[in-house]
Structures are given as C-alpha cells and as structure tokens.
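For reference, the structure discussed in these notes is given below.
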Amino acid sequence: MSKYENRGFMPKQRAFLKLYLLNKIKEKKGGYGSQFLTDLQKEFKQYGYSPTHTELYKTLHELTRDGAVKREKRLLGEPGVNFQEIIVYSLTDEGQEQLEIHNKLMKVELERCIGLLNKAIRDNYGPIKKKA
C-alpha cells in the first residue's frame, strides 16, 4: 500500500485555511476574523483564490471548538467613542501544540500535491521549466 493511498486530490479547503489562520493568529498574537479574511484574500488574489467569509468563520469556529483558539469580545477603536464590538481570536496553549502538529502534517500533504501537479504538467506538457 502506497503512503499516499486513499488521499484526496488536494487538501481540503478547511485544512488549508486552518494552516494559515493558526500561523496568522500566532504571528499577530491575535486578531479578528475580517482582518484575517482581508489579509488572506490579498495574499491569494494572484492565484485566483479568495477565501469566503463563511468558510473562514467556519474554520475559526472549528478551531475554537477544538480548543486551539479562544475568543474574546473587545471594542474596536477608542473606548467611549467607538462602540463596534469585535471578536479577537488568540492561540491557547493547546492551540500552539495543534499548530506544530498541523504544520508538519500539511507540509507532507502540500508536498504530495506539488508532486501530483508536477506529474500532470510533465505528462501532459513536457518537462517543467525552471523560472529564471
């Protein structure tokens, strides 16, 4: 049995978003959903991928249910002046452990997908050309 048997074609969107969200939450030491959505949409625009509001929040809710992140209500802006309430997400200790495990698993999965895509290019279009 191949080590890749019974895998999907590409990683599931939620697993992909989880990778980016966990790393962004760690990097920024917290943040709120619409901020993450805007950042990810900008980062992936050149690749024709735009995560949706729904999928991003489903992923954040899953991370919260799994104990990887905690939610905290805060007011955005200056107290007494601005009254927009936001939910700020931050990593828990368990989330730090989940981040390390998820990063390792996704690296293997992404390398598998790169191999699959490179095979399709080679088989159908010839040798892969290196960018200068």
*Kindly indicate whether residue 27 is under 29 Å from residue 111 (Cβ atoms), modelled with pLDDT under 95, not in a loop (DSSP other than H, G, I, E, B) and not polar (S, T, N, Q).*
yes
_Hits in segment 77-97 - residues which are without any contact (Cβ under 8 Å) to a residue 40 or more places away in the chain and closer than 15 Å to residue 35 by Cα_ = 77, 84, 85
_Considering only segment 39-57, I want to know if a residue exists there that is aromatic (Phe, Trp, Tyr), in contact (Cβ under 8 Å) with a residue 40 or more places away in the chain and either in a strand (DSSP E or B) or farther than 23 Å from residue 98 by Cβ (or both)._
no
*Six or more apart or on different chains, Cβ under 9 Å: which pairs go from a residue in segment 110-132 that's within 18 Å of residue 15 (Cβ to Cβ) and in contact (Cβ under 8 Å) with a residue 24 or more places away in the chain to one that's open to solvent by less than 100 Å² (accessible area, probe 1.4 Å) and part of a helix (DSSP H, G or I)? Could you list them?*
110/16; 110/19
*Could you check residue 110 against (1) open to solvent by 70 Å² or more (accessible area, probe 1.4 Å); (2) within 21 Å of the chain's Cα centre (by Cα) and say which number it fails?*
(1)
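The values are calculated or read from the model by the stated rules, or taken from the named source; none is laboratory data. Note that the coordinates shown come from a computational prediction; the quantities given were computed from them, not determined experimentally. Cβ atoms come from the backbone with ideal geometry, glycine included; neighbour counts cover every protein chain shown. Surface areas here come from the heavy atoms of the whole protein model, side chains and all, with no ligands, DNA or RNA. Shrake-Rupley method; radii C 1.70, N 1.55, O 1.52, S 1.80 Å.
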